[in-house]
Amino acid sequence: MIEVRDVVKAFGGFRAVDGASLEIARGSVTGLIGPNGAGKSTLFNVIAGLLPPTSGSVILDGDDITGLPPHQLFHKGLLRTFQIAHEFSSMTVRENLMMVPGGQSGETLWNAWFHRGRIAQEERALAQKADEVLDFLTIDHLADEKAGNLSGGQKKLLELGRTMMVDARIVFLDEVGAGVNRTLLNTIGDAILRLNAERGYTFVVIEHDMDFIGRLCDPVICMAEGKVLAEGTLDEIKANEQVIEAYLGT
Ligand code: ADP
Ligand code: MG
(Lines give C-alpha, C1' and ligand atoms only; values in the text may rest on other atoms or scores of the structure.)
(Ligands and ions follow the chains in the order given, each with its own letter.)
Protein backbone atom coordinates (compact mmCIF):
# COMPACT_ATOMS: atom_id res chain seq x y z
CA MET A 1 0.00 0.00 0.00
CA ILE A 2 2.81 2.37 0.96
CA GLU A 3 6.31 2.25 -0.36
CA VAL A 4 9.00 4.41 1.19
CA ARG A 5 11.95 4.59 -1.18
CA ASP A 6 15.32 5.69 0.09
CA VAL A 7 13.99 8.64 2.06
CA VAL A 8 16.49 11.10 3.49
CA LYS A 9 15.46 13.93 5.78
CA ALA A 10 18.29 16.22 6.81
CA PHE A 11 18.14 19.04 9.34
CA GLY A 12 21.14 21.15 8.48
CA GLY A 13 23.93 18.65 8.09
CA PHE A 14 22.28 16.02 10.27
CA ARG A 15 20.36 13.20 8.61
CA ALA A 16 17.50 12.30 10.96
CA VAL A 17 16.28 9.85 8.31
CA ASP A 18 19.20 8.51 6.33
CA GLY A 19 18.07 6.46 3.36
CA ALA A 20 15.10 4.57 4.81
CA SER A 21 13.19 2.15 2.58
CA LEU A 22 10.24 0.07 3.66
CA GLU A 23 6.85 -1.20 2.59
CA ILE A 24 3.55 -1.18 4.42
CA ALA A 25 1.19 -3.94 3.33
CA ARG A 26 -2.51 -3.15 3.00
CA GLY A 27 -4.45 -4.60 5.90
CA SER A 28 -1.43 -4.91 8.15
CA VAL A 29 -0.78 -3.48 11.57
CA THR A 30 2.88 -2.68 11.15
CA GLY A 31 5.00 -1.77 14.15
CA LEU A 32 7.85 0.74 13.94
CA ILE A 33 10.32 0.48 16.78
CA GLY A 34 13.83 1.66 17.50
CA PRO A 35 15.82 3.58 20.08
CA ASN A 36 15.09 7.23 20.82
CA GLY A 37 16.36 9.45 18.04
CA ALA A 38 16.17 6.66 15.44
CA GLY A 39 14.17 8.89 13.11
CA LYS A 40 10.79 7.20 13.50
CA SER A 41 8.73 10.34 14.10
CA THR A 42 10.58 12.22 11.39
CA LEU A 43 9.84 9.44 8.90
CA PHE A 44 6.16 9.53 9.94
CA ASN A 45 6.11 13.26 9.34
CA VAL A 46 7.62 12.83 5.89
CA ILE A 47 5.07 10.16 4.94
CA ALA A 48 2.18 12.23 6.33
CA GLY A 49 3.20 15.33 4.39
CA LEU A 50 4.28 17.44 7.37
CA LEU A 51 7.93 17.53 6.33
CA PRO A 52 9.24 17.47 2.77
CA PRO A 53 11.98 14.85 2.39
CA THR A 54 15.45 15.96 1.36
CA SER A 55 15.40 13.11 -1.15
CA GLY A 56 13.60 9.86 -1.81
CA SER A 57 9.93 9.19 -2.43
CA VAL A 58 6.73 7.95 -0.85
CA ILE A 59 4.31 5.94 -2.97
CA LEU A 60 0.68 5.28 -2.03
CA ASP A 61 -1.06 2.63 -4.12
CA GLY A 62 1.32 3.28 -6.98
CA ASP A 63 0.94 7.08 -6.89
CA ASP A 64 3.84 9.28 -5.93
CA ILE A 65 2.62 11.27 -2.91
CA THR A 66 6.01 12.69 -1.94
CA GLY A 67 5.63 16.14 -0.43
CA LEU A 68 1.83 16.31 -0.82
CA PRO A 69 0.36 18.47 1.94
CA PRO A 70 -1.55 16.76 4.77
CA HIS A 71 -4.99 17.89 3.57
CA GLN A 72 -4.48 16.19 0.21
CA LEU A 73 -3.30 13.02 1.91
CA PHE A 74 -6.31 13.28 4.19
CA HIS A 75 -8.56 13.02 1.15
CA LYS A 76 -6.67 9.90 0.11
CA GLY A 77 -7.45 8.39 3.51
CA LEU A 78 -3.96 8.77 4.94
CA LEU A 79 -4.03 10.16 8.47
CA ARG A 80 -1.60 10.82 11.22
CA THR A 81 -3.22 11.33 14.61
CA PHE A 82 -2.51 14.48 16.55
CA GLN A 83 -2.87 15.50 20.12
CA ILE A 84 -6.11 17.32 20.73
CA ALA A 85 -5.17 20.94 20.15
CA HIS A 86 -5.48 23.25 23.10
CA GLU A 87 -8.28 25.24 21.46
CA PHE A 88 -10.47 22.16 21.35
CA SER A 89 -10.06 21.23 24.99
CA SER A 90 -13.08 23.25 26.09
CA MET A 91 -15.30 21.53 23.54
CA THR A 92 -16.99 18.26 24.35
CA VAL A 93 -15.76 14.93 23.07
CA ARG A 94 -18.71 14.71 20.67
CA GLU A 95 -18.08 18.23 19.38
CA ASN A 96 -14.42 17.40 18.82
CA LEU A 97 -15.43 14.50 16.60
CA MET A 98 -17.95 16.66 14.74
CA MET A 99 -15.20 19.19 14.00
CA VAL A 100 -13.25 16.76 11.83
CA PRO A 101 -13.13 18.43 8.42
CA GLY A 102 -14.27 17.11 5.08
CA GLY A 103 -17.72 16.75 3.62
CA GLN A 104 -19.25 19.44 5.79
CA SER A 105 -21.15 22.08 3.88
CA GLY A 106 -21.18 24.63 6.68
CA GLU A 107 -17.88 25.93 5.45
CA THR A 108 -18.84 28.96 3.40
CA LEU A 109 -21.15 31.85 4.11
CA TRP A 110 -23.00 31.14 0.91
CA ASN A 111 -23.74 27.62 2.09
CA ALA A 112 -24.66 28.85 5.54
CA TRP A 113 -27.20 31.24 4.07
CA PHE A 114 -28.50 29.07 1.26
CA HIS A 115 -28.58 25.61 2.78
CA ARG A 116 -29.54 26.15 6.39
CA GLY A 117 -31.85 23.18 6.42
CA ARG A 118 -29.27 20.93 4.89
CA ILE A 119 -26.65 22.01 7.41
CA ALA A 120 -28.92 21.18 10.34
CA GLN A 121 -29.51 17.78 8.78
CA GLU A 122 -25.80 17.22 8.28
CA GLU A 123 -25.13 18.24 11.88
CA ARG A 124 -27.55 15.63 13.08
CA ALA A 125 -25.91 13.03 10.86
CA LEU A 126 -22.48 14.06 12.16
CA ALA A 127 -23.63 13.86 15.77
CA GLN A 128 -25.03 10.42 15.10
CA LYS A 129 -21.80 9.29 13.49
CA ALA A 130 -19.83 10.71 16.42
CA ASP A 131 -21.97 8.69 18.81
CA GLU A 132 -21.40 5.53 16.78
CA VAL A 133 -17.67 6.14 16.90
CA LEU A 134 -17.75 6.66 20.67
CA ASP A 135 -19.79 3.51 21.06
CA PHE A 136 -17.28 1.54 18.96
CA LEU A 137 -14.43 2.83 21.12
CA THR A 138 -16.39 2.07 24.31
CA ILE A 139 -16.19 5.68 25.49
CA ASP A 140 -19.80 6.67 24.78
CA HIS A 141 -20.12 7.69 28.44
CA LEU A 142 -17.65 10.52 27.70
CA ALA A 143 -19.63 12.12 24.85
CA ASP A 144 -20.52 15.27 26.80
CA GLU A 145 -17.27 15.53 28.73
CA LYS A 146 -14.93 18.41 27.87
CA ALA A 147 -11.97 17.04 25.92
CA GLY A 148 -9.61 18.88 28.28
CA ASN A 149 -10.84 16.75 31.18
CA LEU A 150 -9.95 13.42 29.58
CA SER A 151 -7.07 11.29 30.79
CA GLY A 152 -4.11 10.72 28.48
CA GLY A 153 -5.44 7.38 27.32
CA GLN A 154 -8.95 8.69 26.76
CA LYS A 155 -7.47 11.45 24.61
CA LYS A 156 -5.67 8.83 22.53
CA LEU A 157 -8.98 7.06 21.99
CA LEU A 158 -10.54 10.36 20.93
CA GLU A 159 -7.68 10.87 18.46
CA LEU A 160 -8.38 7.42 17.05
CA GLY A 161 -12.06 8.35 16.93
CA ARG A 162 -11.29 11.34 14.74
CA THR A 163 -9.82 9.05 12.10
CA MET A 164 -13.09 7.10 12.14
CA MET A 165 -15.10 10.22 11.34
CA VAL A 166 -13.52 10.29 7.90
CA ASP A 167 -13.14 6.57 7.23
CA ALA A 168 -9.38 6.57 7.05
CA ARG A 169 -7.63 3.84 5.10
CA ILE A 170 -4.22 4.06 6.71
CA VAL A 171 -3.50 5.57 10.10
CA PHE A 172 -0.15 6.47 11.64
CA LEU A 173 0.03 6.38 15.43
CA ASP A 174 3.07 7.85 17.15
CA GLU A 175 3.63 6.60 20.69
CA VAL A 176 0.01 5.92 21.35
CA GLY A 177 0.83 4.28 24.67
CA ALA A 178 2.97 7.03 26.18
CA GLY A 179 1.69 7.79 29.67
CA VAL A 180 -1.38 5.60 29.24
CA ASN A 181 -2.40 3.13 31.92
CA ARG A 182 -2.51 -0.59 31.16
CA THR A 183 -6.31 -0.90 31.08
CA LEU A 184 -6.73 1.94 28.61
CA LEU A 185 -3.79 0.73 26.57
CA ASN A 186 -5.62 -2.57 26.18
CA THR A 187 -8.75 -0.71 25.12
CA ILE A 188 -6.74 1.21 22.54
CA GLY A 189 -5.15 -2.04 21.33
CA ASP A 190 -8.58 -3.67 21.02
CA ALA A 191 -9.89 -0.69 19.05
CA ILE A 192 -6.93 -0.88 16.66
CA LEU A 193 -7.39 -4.61 16.10
CA ARG A 194 -11.13 -4.20 15.53
CA LEU A 195 -10.68 -1.29 13.13
CA ASN A 196 -8.17 -3.43 11.30
CA ALA A 197 -10.31 -6.59 11.20
CA GLU A 198 -13.78 -5.09 10.79
CA ARG A 199 -13.15 -1.91 8.83
CA GLY A 200 -10.05 -2.74 6.87
CA TYR A 201 -7.85 -0.06 8.38
CA THR A 202 -4.12 -0.36 7.85
CA PHE A 203 -2.05 0.87 10.80
CA VAL A 204 1.52 1.89 11.33
CA VAL A 205 2.28 2.10 15.02
CA ILE A 206 5.31 3.61 16.73
CA GLU A 207 5.47 2.38 20.30
CA HIS A 208 8.04 1.61 22.97
CA ASP A 209 5.85 -0.87 24.87
CA MET A 210 6.94 -4.22 23.44
CA ASP A 211 3.96 -6.11 24.90
CA PHE A 212 1.69 -3.77 22.98
CA ILE A 213 3.76 -4.16 19.79
CA GLY A 214 3.84 -7.94 20.21
CA ARG A 215 0.10 -8.20 20.65
CA LEU A 216 -0.78 -5.97 17.70
CA CYS A 217 1.92 -5.80 15.12
CA ASP A 218 3.07 -8.05 12.33
CA PRO A 219 5.45 -7.22 10.83
CA VAL A 220 7.65 -5.11 13.06
CA ILE A 221 10.23 -2.81 11.49
CA CYS A 222 13.21 -1.62 13.51
CA MET A 223 14.98 1.66 12.74
CA ALA A 224 18.20 3.05 14.13
CA GLU A 225 20.21 6.10 13.14
CA GLY A 226 17.80 6.97 10.36
CA LYS A 227 17.97 3.59 8.66
CA VAL A 228 15.85 0.45 8.62
CA LEU A 229 17.78 -2.25 10.42
CA ALA A 230 15.46 -5.23 10.30
CA GLU A 231 11.92 -6.38 9.63
CA GLY A 232 10.11 -9.46 10.86
CA THR A 233 7.95 -10.74 13.68
CA LEU A 234 8.71 -9.20 17.06
CA ASP A 235 10.49 -12.41 18.09
CA GLU A 236 12.67 -12.30 15.00
CA ILE A 237 13.44 -8.64 15.59
CA LYS A 238 14.33 -9.26 19.23
CA ALA A 239 16.79 -11.98 18.17
CA ASN A 240 18.44 -9.80 15.52
CA GLU A 241 22.05 -8.96 16.38
CA GLN A 242 22.00 -5.51 14.80
CA VAL A 243 18.80 -4.64 16.65
CA ILE A 244 20.23 -5.75 19.98
CA GLU A 245 23.33 -3.71 19.33
CA ALA A 246 21.32 -0.62 18.38
CA TYR A 247 19.34 -0.80 21.63
CA LEU A 248 22.40 -1.46 23.75
CA GLY A 249 24.13 1.48 22.15
CA THR A 250 21.64 3.97 23.60
P1 ADP B 1 12.42 9.09 17.14
O2 ADP B 1 11.00 9.43 16.88
O3 ADP B 1 12.84 7.79 16.56
O4 ADP B 1 12.77 9.15 18.61
P5 ADP B 1 12.96 11.57 15.77
O6 ADP B 1 12.50 11.33 14.39
O7 ADP B 1 12.07 12.36 16.65
O8 ADP B 1 13.35 10.18 16.44
O9 ADP B 1 14.36 12.30 15.73
C10 ADP B 1 15.46 11.78 15.01
C11 ADP B 1 16.63 12.72 15.18
O12 ADP B 1 16.39 13.92 14.47
C13 ADP B 1 16.89 13.12 16.63
O14 ADP B 1 18.30 13.18 16.82
C15 ADP B 1 16.29 14.49 16.72
O16 ADP B 1 16.95 15.27 17.68
C17 ADP B 1 16.48 15.03 15.31
N18 ADP B 1 15.43 15.98 14.91
C19 ADP B 1 14.11 15.71 14.84
N20 ADP B 1 13.43 16.78 14.42
C21 ADP B 1 14.35 17.76 14.24
C22 ADP B 1 14.28 19.12 13.81
N23 ADP B 1 13.11 19.69 13.47
N24 ADP B 1 15.43 19.82 13.72
C25 ADP B 1 16.61 19.24 14.03
N26 ADP B 1 16.74 17.98 14.44
C27 ADP B 1 15.64 17.24 14.54
MG1 MG C 1 9.42 9.88 18.13
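The values are calculated or read from the model by the stated rules, or taken from the named source; none is laboratory data. Everything numeric in this text was worked out from a predicted model, so none of it was measured. Quick reminder, even Gly has a Cβ in these numbers, built from the backbone with ideal geometry, and neighbours come from all protein chains shown.
Given Ala48, Ala38, which one is within 16 Å of ligand 2 (Cβ to nearest atom), at pLDDT below 95, closer than 26 Å to Lys156 by Cα and among the small types (Gly, Ala, Ser)?
Ala48
Based on what the data block shows, is Ile237 part of a helix (DSSP H, G or I) and out of contact with any Gly (no Cβ under 6 Å at 6 or more places or on another chain)?
Yes; evaluated as a whole, the condition is true for this residue.
Go through the stretch 29-53 and report how many residues are surrounded by fewer than 18 Cβ atoms within 10 Å (Cβ to Cβ) and more than 12 Å from ligand 1 (Cβ to nearest atom).
Within the stretch 29-53, residues that are surrounded by fewer than 18 Cβ atoms within 10 Å (Cβ to Cβ) and more than 12 Å from ligand 1 (Cβ to nearest atom) number 1.
Right, Asp167: charged (D, E, K, R) and at pLDDT below 90 or not?
yes
Test Thr92 against the stated conditions and say whether it is more than 19 Å from the chain's Cα centre (by Cα), away from ligand 2 (no atom under 16 Å from the Cβ), surrounded by 15 or more Cβ atoms within 10 Å (Cβ to Cβ) and more than 30 Å from Ala125 (Cα to Cα).
no
Please specify each residue of the stretch 128-149 satisfying the condition of being surrounded by fewer than 21 Cβ atoms within 10 Å (Cβ to Cβ) and either among the hydroxyl-bearing types (Ser, Thr, Tyr) or within 19 Å of the chain's Cα centre (by Cα) (or both).
Within the stretch 128-149, Phe136, Thr138 qualify.
Show the residue pairs meeting these rules: Cβ distance below 6 Å; 6+ apart or different chains; first residue within the stretch 41-69 and more than 19 Å from Met1 (Cα to Cα); second residue of a type in the set (Asp, Glu).
Ser41/Asp174
Just to check your reading of the model, which residue among Ile188, Ile221 is out of contact with any His (no Cβ under 7 Å at 6 or more places or on another chain), modelled with pLDDT of 95 or more and not acidic (Asp, Glu)?
Ile221
Just name the residue that is nearest to Met165 (Cα to Cα) out of those in the stretch 202-232 that are in a loop (DSSP other than H, G, I, E, B) and out of contact with any strand residue (DSSP E or B) (no Cβ under 6 Å at 6 or more places or on another chain).
Ranking the candidates gives Glu207 first.
How do the helices (runs of 4 or more DSSP H) wholly within the stretch 109-195 filter down when requiring 1 or more residues that are in contact (Cβ under 8 Å) with a residue 12 or more places away in the chain and closer than 23 Å to Val205 by Cα: which remain?
116-136, 152-164
Is it the case that some residue within the stretch 205-219 is among the aliphatic types (A, V, I, L, M), within 21 Å of Leu60 (Cα to Cα), touching a residue at least 40 places away in the same chain (Cβ under 8 Å) and in contact with a helix residue (DSSP H, G or I) (Cβ under 8 Å, 6 or more places away or on another chain)?
yes
Among the residues that make up the stretch 180-192, is at least one of them touching a strand residue (DSSP E or B) at 6+ places or on another chain (Cβ under 8 Å) and buried (at least 16 other Cβ atoms within 10 Å of the Cβ)?
Scanning the stretch 180-192, I find at least one residue that is touching a strand residue (DSSP E or B) at 6+ places or on another chain (Cβ under 8 Å) and buried (at least 16 other Cβ atoms within 10 Å of the Cβ), so the answer is yes.
Being exposed (fewer than 15 other Cβ atoms within 10 Å of the Cβ), small (Gly, Ala, Ser), away from ligand 1 (no atom under 16 Å from the Cβ) and within 23 Å of Glu198 (Cα to Cα): is that true of Gly77 here?
no
Within the stretch 91-147, which residues are modelled with pLDDT of 90 or more and polar (S, T, N, Q)?
Scanning the stretch 91-147 gives Thr92, Asn96, Gln128, Thr138.
Which of the residues that make up the stretch 240-250 are assigned to a helix (DSSP H, G or I) and not aliphatic (A, V, I, L, M)?
Glu241, Gln242, Glu245, Tyr247
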